[in-house]
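Engineer: To start, I am sharing the structure in question, which I have written as structure tokens.
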Amino acid sequence: MRPRIPRGQGGFTLIEILVVVVILGILASIIVPKIMRRPEEARRTKAIMDIKAIETALNLYRLDNGGYPSTEQGLEALVTKPTTGVIPKNWKEEGYLDKVPKDPWGNLYVYLHPGVHKDFDLVSYGVDGVEGGEGKDADIENWNLD
């Protein structure tokens, strides 16, 4: 047999609930600001991952076709078969990318072949969208990735 709980003693009081809500509010005020500083770091990480994925697609393109797309053909050559410049003979019908990605700030990645630093240069100009910069405005470049 289960003991009976007297009326009014089976739940939490309003004061207990308010104490819990206040404690949760204090914790949120400490934790949320730390989390909110991270979106820029997440965007930079996404740009790095995009650049690595594009590099992989460019290398597959080179293996199939004997060279990289020209600067004029651009990254679009990874999505649709180029019709100008050197026409690739072994271009994969499904392409090398589903679409040309934009960087996390909504700008197109800058592609240059032949590159100044590598066989090809691939750059996101970062949060400010302008070449150069330091700190949070620094460019993300395929030749400077860790």
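Okay, residues lined up against (1) in contact (Cβ under 8 Å) with a residue 40 or more places away in the chain; (2) part of a loop (DSSP other than H, G, I, E, B):
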| position | (1), (2) |
| --- | --- |
| Glu76 | no, no |
| Lys81 | no, yes |
| Lys89 | no, yes |
| Tyr96 | no, yes |
| Tyr111 | yes, no |
| Lys118 | no, yes |
| Trp143 | no, no |
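Engineer: Applying the selection to the range 10-52, what residues are in contact (Cβ under 8 Å) with a residue 40 or more places away in the chain, within 30 Å of Asn90 (Cα to Cα) and out of contact with any helix residue (DSSP H, G or I) (no Cβ under 7 Å at 6 or more places or on another chain)?
Structural biologist: Within the range 10-52, Ala47, Ile48, Asp50, Lys52 qualify.
Engineer: Give me a count of the residues in the range 114-142 that are under 23 Å from Gly66 (Cβ atoms) and touching a strand residue (DSSP E or B) at 6+ places or on another chain (Cβ under 7 Å).
Structural biologist: Looking only at that region, the number is 5.
Engineer: Also, quick follow-up: Which of (1) at pLDDT 90 or above; (2) under 16 Å from the mean Cα position of the chain (by Cα); (3) of a type in the set (D, E, K, R) does Asp119 not meet, given it meets every other one?
Structural biologist: (2)
Engineer: Another one. Which of the residues that make up the range 128-141 are within 15 Å of Val110 (Cα to Cα) and assigned to a loop (DSSP other than H, G, I, E, B)? Quick ask: steps written out before the conclusion?
Structural biologist: Filtering the range 128-141 for residues within 15 Å of Val110 (Cα to Cα) gives 128-132, 138-141.
Selection gives Asp128, Gly129, Val130, Glu131, Gly132, Ala138, Asp139.
The values are calculated or read from the model by the stated rules, or taken from the named source; none is laboratory data. Treat the numbers as computed from the prediction; the structure is a model and nothing was measured. Using ideal geometry, Cβ is built from the backbone for each residue, glycine included, and neighbour counts are taken over all protein chains shown.
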